Amino acid sequence: MYAKDYHDLGTPAAKGESVTLEIDGATVTVPAGTSIMRAAALADRDIPKLCATDTLKHFGSCRVCLVEIEGRKGFPASCTTEVAAGMKVRTQSEALEKTRRGVLELYVSEHPVGSCPDSSRCELETLAKQHGIGESRFAGPKTSRHVHTHKPVDHSNPYFRFDNDLCIVCSRCVRACEETQGTYALTIEGRGLESRVAASQDETFLDSECVSCGACVEACPTGALMEKSILTAGLPQKAVATTCAYCGVGCSLVAEVTDGTVSRMVPNRNGRANQGHACVKGRFAYGYATHQDRVTRPLIRKSIADEWTEVSWEEAIRYAASEFKRIQARYGRDSIGGITSSRCTNEETFLVQKLVRAAFGTNNVDTCARVCHSPTGYGLKHTLGESAGTQEFVSVQQADVIMVIGASPTEAHPVFASQMKRRLRQGARLIVVDPRAIPLVKSAHVEADYHLRLLPGTNVAIINALAHVVVTEGLTKEDYIAERCERDSYEKWKKFVADPINSPEAMEKVTGVPAADIRGAARLYAKGPNGAIYYGLGVTEHSQGSTMVMGIANLAMATGNLGREGVGVSPLRGQNNVQGSCDMGSFPHEFSGYRHVSDDSVRAQFEAMWKVQLSGEQGLRIPNMFEAALDGSFRGMYIQGEDLAQSDPNTSHVTAALSALECLVIQDIFHNETAKFAHVFLPGSSFLEKDGTFTNAERRISRVRKVMEPLCGYADWEVTMLLSNALGYPMHYRHPSEIMDEIAALTPTFAGVTYDKIDELGSIQWPCNDKAPAGTPTMHVGQFVRGKGKFYVTAYVPTSERTSSKYPLLLTTGRILSQYNVGAQTRRTANLAWHSEDRLEMHPHDAEARGIEHGDWVGVTSRAGDTVLRVEITEKVAPGVVYTTFHFPESGANLITTENSDWATNCPEYKVTAVQVVKVAQPASWQRRRQAALPASPRRRPQESPVS
Amino acid sequence: MDIERLVAMANDIAAFFDAEPDKAVAAEGVRFHLSRFWEPRMRRAIIEHVGKGGEGLTPTARAAVEKLGPVP
């Protein structure tokens, strides 16, 4: 069912030369290849339709959209008939009306008027009413398809239900599953009167291959597939366009609101990032925003051994400010710091780093991007000149060869994965570089040409081997390099990778990947002609994460695969605003726009605007803060929207550091793991409760719009202001747009960004300034941002985290489709129906050697710690490798990851941990206690201040 | 700061720059990195460690630390 107020043009846009025709006497000019249906809709002469919708290819089955064309016999279907120059079309006539009425009556015989829960938005019932059809002459048991196909309503999916009795078998859901989502979970079973929609092998939706993306629900013209939320909450009263707060795809969504709360979330068909699509998280898993676990009153306590006490906002802020002042007075200015969140808006992130730099007077600010994509910033800045991906998502439609490294788009970035799979079905070739057989390796109508199944920790060895083939087989683009890259750096790199030590044959022993596969993949990528690289945390979260990013950029430059559509180096950002939080100056060494704090001229601009002297020395990174906390030189922290105790590696080390703090202030929507070590809890606001912007993985700045009032009374940016004011550094923004104006004034890449312009254009990809007033979809066109591209020598240095007789297996980690990061949001939704616990994937050979069977509890031990997980035996992982997700705190995945980190950025090496796995009888005692205590909520006492 | 951790971090940085055949250039790469990314108390600690003999540091890392300027 459509989003509220959407004008569906019936068929997709075409891109041909202009063609002029006449429709109902009006002159219409559209691109060649446009359907008559679309041309008429563009001219506000909408033609009735049922099986057509503009997100799907024409189908031509419903026979409602018939028209008359001068000089042609019969009544052609307007959805399948393309426009032609000089064509004269009539969309209304007595004959057409008679034919349409007859067809509609047949449909109404299957789906009586008034049978839909939401008749006003049922396309069939709307058409029937428009054509004056009440009851059908054809209704009756002999002709009823539903008599032949009757099935109980399928309520299995937690978010939508399928009512076969309301289905008109138009195939829009089936086609949406194929064309939009690319899963092919739905089909039409049977023939004639027995035809009906079925999921997989006639299973329930929940048990089928359906990934619950909602594309079928969106496409359904009747109420056959319908959101349960609409059925219970009632029809929406208003619609607000906003941006998803889950992964870095940054889907544009429309929140429909009933009685002040969201009753339905639908993809915005005008959204440039998602192009009218969404996933099970963004479309359905928004219920956490009103979950009973939300903390809506400020809490304080003097010691982490004490119980929490609810206090007023004034008291909480006053206490936090006084504690930070006390600590600084005693231990020095640099004894406190703050963490910004990639889940919060650009404006909120900018304010937190401003608070730290200007009000705290230190550069001890960092962001959760530290633990995911900080190597991307370092690697791309050094090689290309900008800390960001080079493309927009739609660029993938021009790619000939797609290389996916250390990412699983169908699980972690599903909406972009659907776009990628569409291109792969059109014939683009695919190379997957991953230790695990991710779903993209082989799925419906998609199969990788090469799966380079490397051992965890050997990325750089692979990228060097690929480059070796390119260089030694003459596959480099020498003209491109000569024009656009630093000659000296290229020659040095070329000599390095050409060395036989980097050959596929030499590296086969290191990576475990057959040399022939590496050679084949290198040739395929280099010859493209358009080769595009997409990568994820499987690249960055390594001791050589930054080296690998540079190696990827080297390979792309050497093959001329940068600076145009269809190519590029694109990091797939984990969280919704990773790009934005980095852009906004969240790193301790950089102001917004990635300019070093030691640059006097840049610092002077900030000092002039902020009216305060700023430090020119870089501050502590998150892991450095932990070390400093343990040595006593760091005593206070303000953390907005980040759960360090669950998300950072080596949990025992992290919690020891957090326990050493004298004042930890947490701002979050839930009582998270880190809050156990906090002294002040400031309630946060979800993305539905505030205005602002997010910046996605393609540098696209999109508006977040307030859908409902903050449950705690304040948006996050307002809370930061309260804290700053209490510290004596005044902040008086009236709206986040004023914060964006300040960002634009201080950040060259954002110079042209305003809320008005975002509203006008829909979204903007930075850089947006005088040179690019409408933004920059593709970067490095003509020349690299740094001037000449720079090659870096990227020697493979094995990680110190190696297998041994004590820890003979390598653990690597990742995500699953239905859950998100540490699960704070998705664990509080019905997404638990698909994934209610983290499991350890293990190869059958390793399991058999240990006497482990599917579903057993297993103890997983590393040099950092141990935990217990249930095992899943699968060949998705290779022998010697085990894998788990980290969505549930009771899994303790980070109890076993180590403090090893990227050499350049200290991004943790989550992807490589040497472990041993043994069969055990049950979870550890702490896990059992935790599971018994779910759902977690803070212990509270009413109104008694522990600190007065 | 845990000096063993800082030594390991400095050595990791040096391992990247050690791909450079000219050892002076490699050391300068490490020095520049430390001066741009390490917070003053970390630089002070590693300089102090080298002053005490620099146990555990690789030659490139040690050469880089020796060239670090005074820390405020």
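The values are calculated or read from the model by the stated rules, or taken from the named source; none is laboratory data. Bear in mind the structure is a predicted one, so any value in this text is a computation, not a measurement. FYI the Cβ positions are ideal-geometry reconstructions off the backbone, even for glycines, and counts take in every protein chain you see. Ligands, DNA and RNA are stripped out before the accessible areas are found, and what is left, the full protein with its side chains, is counted by its heavy atoms. Shrake-Rupley method; radii C 1.70, N 1.55, O 1.52, S 1.80 Å.
Quick look at the numbers
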quantity	calculated
Failed item in (1) of a type outside the set (Ser, Thr, Tyr); (2) part of a helix (DSSP H, G or I); (3) out of contact with any helix residue (DSSP H, G or I) (no Cβ under 8 Å at 6 or more places or on another chain); (4) open to solvent by less than 20 Å² (accessible area, probe 1.4 Å), with A:Glu718 passing the rest	(4)
Matching residues in the stretch B:1-14 - criterion: being over 11 Å from the mean Cα position of the chain (by Cα) and within 9 Å of another protein chain (Cβ to nearest Cβ)	B:Met1, B:Asp2, B:Arg5
In the stretch A:304-338, residue surrounded by the fewest Cβ atoms within 10 Å (Cβ to Cβ) [restricted to those that are in contact with a strand residue (DSSP E or B) (Cβ under 7 Å, 6 or more places away or on another chain) and among the small types (Gly, Ala, Ser)]	A:Ser335
Selection count, the stretch A:773-796, where residues are closer than 23 Å to A:Glu483 by Cα and open to solvent by less than 20 Å² (accessible area, probe 1.4 Å)	6
Subset of the stretch B:15-29 (residues that are open to solvent by 40 Å² or more (accessible area, probe 1.4 Å), modelled with pLDDT under 95 and at the interface with another protein chain (Cβ under 10 Å from one of its Cβ atoms))	B:Pro21
Tally, over the stretch A:599-632, of residues that are among the basic types (Lys, Arg), more than 9 Å from chain B (Cβ to nearest Cβ) and surrounded by 14 or more Cβ atoms within 10 Å (Cβ to Cβ)	1
Which numbered condition A:Val211 misses (of (1) buried (at least 24 other Cβ atoms within 10 Å of the Cβ); (2) within 22 Å of the chain's Cα centre (by Cα); (3) assigned to a loop (DSSP other than H, G, I, E, B))	(1)
Residue in the stretch A:548-563 that is within 14 Å of chain B (Cβ to nearest Cβ), at pLDDT 95 or above and farther than 18 Å from A:Gly789 by Cβ present	no
So A:Ala444, is it open to solvent by 10 Å² or more (accessible area, probe 1.4 Å), of a type in the set (A, V, I, L, M, F, W, C) and more than 28 Å from A:Thr749 (Cα to Cα)	yes
Matching residues in the stretch A:633-653 - criterion: being within 14 Å of chain B (Cβ to nearest Cβ) and closer than 26 Å to A:Gly823 by Cβ	A:Pro649, A:Asn650, A:His653
Subset tally (residues that are under 28 Å from the mean Cα position of the chain (by Cα) and open to solvent by less than 20 Å² (accessible area, probe 1.4 Å)) for the stretch A:222-238	5
So A:Met226, is it free of Cβ contacts under 8 Å to residues at least 24 places away in the same chain and part of a strand (DSSP E or B)	no
Restricting the stretch A:408-432 to residues that are more than 24 Å from A:Asn576 (Cβ to Cβ) and touching a residue at least 60 places away in the same chain (Cβ under 8 Å), the residue that is surrounded by the most Cβ atoms within 10 Å (Cβ to Cβ)	A:Ile431
Subset of the stretch B:30-58 [open to solvent by less than 20 Å² (accessible area, probe 1.4 Å), at the interface with another protein chain (Cβ under 10 Å from one of its Cβ atoms) and not aliphatic (A, V, I, L, M)]	B:His33, B:Trp38, B:Glu39, B:Pro40, B:Arg43
Residues (of a type in the set (Val, Ile, Thr) and farther than 13 Å from A:Thr540 by Cβ) located in the stretch A:558-579	A:Thr559, A:Val567
Single match in A:Glu837, A:Glu801, A:Glu841 (criterion: touching a residue at least 24 places away in the same chain (Cβ under 8 Å), acidic (Asp, Glu), within 14 Å of another protein chain (Cβ to nearest Cβ) and touching a strand residue (DSSP E or B) at 6+ places or on another chain (Cβ under 9 Å))	A:Glu801
From A:Leu817, A:Leu723, A:Leu810, residue being assigned to a strand (DSSP E or B) and either within 14 Å of another protein chain (Cβ to nearest Cβ) or among the aliphatic types (A, V, I, L, M) (or both)	A:Leu810
